[in-house]
Amino acid sequence: MLGGSGCAVSSLCLGTMTFGVETDESGAHAQLDRFAEAGGTMVDTADVYGDGRSEEIIGRWFASRPADLTEPVVLATKGRFSSSPSDAPNGAGLSARHLTRALDASLRRLGRDAVDLYQVHAYDPLTPLEETLRTLDGFVRVGKIRYWGLSNFTGWQLTKAVHLARALNAAAPVTIQPQYSLLARQTEWEIVPAARAAGLGLLPWSPLGGGWLSGKYQRDQRPAGATRLGEDPDRGMEAYDRRGTDRTWHVIDAVQKVAQDRAVSMAEVAIAWVTARPGVSSTILGARTTNQLETNLRAAGLRLTSAETAALDAASDPHPADYPYGELGADQRARTLPDGH
C-alpha cells in the first residue's frame, strides 16, 4: 500500500530516470510493457527526468497501449526543480506559482487528467511550508492528484510537514522517497523511524547503490566501457573514488556470498533485502535495458532467510560512533538519573 492510503501497489516500482536519456523511446516502451506484463503496477517519474522527455515517453505509452495493460498502473511524478533556465526566478521551488505550473506541465506531457501520486522532489527552505501544503491540498481537492508524497526530505522536515498538514486540516503526505540500500543505511537513523511513526510508506530509490551492488565493479580496477561509471567515473554520489571504500567492498562481498549460495544474481539479493525492510511500500528499479529490468524483476520472488538477512545487516551496518546515534547516544538515552545531561 502507499503508506496509510487505500491505494495498493506492487512491491517493485519501475523508475524511469533513464527514459529519454540513456534509454530511447522504443527501449522505454519495452520496459513499460515488460513491467506491466509481469504484474508491476507502479511507475515513477519526474518533470526533470530528461528535461520532461521521460514524462512524454510515458504519456505516449499510455496513449498507445490497451486499457487492460495501462489501467492498473499507479502513476507517480515529482515537481520542485527547474527544467528550463528561462523560468527563473520563479521556475523552481515549492511555491504555489511554481508547483501549479509544474503539475500542469507534467499532466500535459503525460496526457493525463490526474496523477495518482505527486511528490515534492526536495525540501524548499525559501517557501513557507504552509504555502506548499495548501497548494498540494488544493490539487487533491480539485482532482489533479490523488495523493502526495515527499522525496529527499530529512526526518525533521518530514515530521514538520506531517504535523503541519494535520494542523491545517489539509491532505497529508502518504509516502517518502529516500535513497535506501545496503550502502545507504544512514536513512534508518532518522528518516525511516519518522516515516513509520507518521504512517508514511517508503519508496526506496537506488536499491543497487548506483549499480555497485550488482557486482559490476571490481577492486583496484577503474570502471570502463558501457557502464555508468565507465562513461563518467566521477558521477555524483556513486563516483568510483567516493564510493569505492573498504566498507563498500565488504558489503559487496557479503551480497556476493548470498547470491552464490542461492544461485541468484547479486542485484536480486540487494533488491530483496531493501524490499523486505520495515515500512517499504515499493522499491524503485532503475534500468537502462530490458535485460537489466528482467534481472531486477526476479527479486520479487526472492525471500531471504533470517540468517542471510542478519549477515547482510552485519556487513552493511554503518556503525555510527558518535552521539546521538552510536553507543554514546544509546547510553545517554538509557540514563535514568535526573541530573543526566
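The values are calculated or read from the model by the stated rules, or taken from the named source; none is laboratory data. As the structure is a prediction and not an experimental result, all values here were calculated from the model. Don't worry about glycine lacking a Cβ; one is built from the backbone with ideal geometry, like all the others, and counts go over all protein chains shown. With ligands, DNA and RNA removed, areas are computed over all heavy atoms of the protein, side chains included. Shrake-Rupley method; radii C 1.70, N 1.55, O 1.52, S 1.80 Å.
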How many nm separate the modelled label positions at ARG65 and GLN186, each set 7 Å beyond the Cα in the direction of the Cβ?
3.7 nm
Rounded to two decimals, the Debye log10 I(q)/I(0) of the chain (Cα scatterers, no solvent) at q = 0.08, 0.10, 0.11, 0.12 Å⁻¹ is -0.39, -0.62, -0.75, -0.90
Please arrange THR187, THR289 by accessible surface area, largest first, computed with a 1.4 Å probe and ligands excluded.
THR289, THR187
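What is the percent carbon and sulfur in the accessible area of the chain, measuring with a 1.4 Å probe over the protein chains and ignoring ligands?
Values: 7830 of 15580 Å².
C and S atoms contribute 50 percent here.
What does the extension gain come out to for ALA105 and ASP317, with contour length at 0.36 nm per residue minus their alpha carbon separation?
Between ALA105 and ASP317, full extension yields an extra 72.1 nm.
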In percent, what relative contact order does the chain have, based on Cα pairs under 8 Å that are 6 or more apart in sequence?
17 percent
Find the relative contact order for region 114-175 and round it to a whole percent, using C-alpha pairs within less than 8 Å whose residues are 6+ positions apart.
43 percent
What's the extension gain from ALA197 to ASN90 if we count 0.36 nm per residue and subtract their Cα-Cα distance?
35.1 nm
Just order 103-116, 23-36 by mean Cβ neighbour count inside 10 Å, highest at the front, would you?
23-36, 103-116
Would you mind checking which residues have amide H under 5 Å from CYS13's amide H? H placed 1.01 Å from N; only 5 or more apart, or other chain.
THR283, ILE284, LEU285
Excluding LEU304 itself, what net charge comes from residues whose Cβ is under 13 Å from its Cβ, given Lys and Arg +1 and Asp and Glu -1?
0
Stretch VAL140-TRP249 to full length: gain in nm at 0.36 nm per residue minus the Cα-Cα span?
34.7 nm
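Per residue, how large is the accessible surface of region 21-159? Use a 1.4 angstrom probe and give square angstrom. Walk me through the intermediate numbers first.
Details: 5930 Å² over 139 residues.
Heavy-atom SASA per residue in region 21-159 reads 43 Å².
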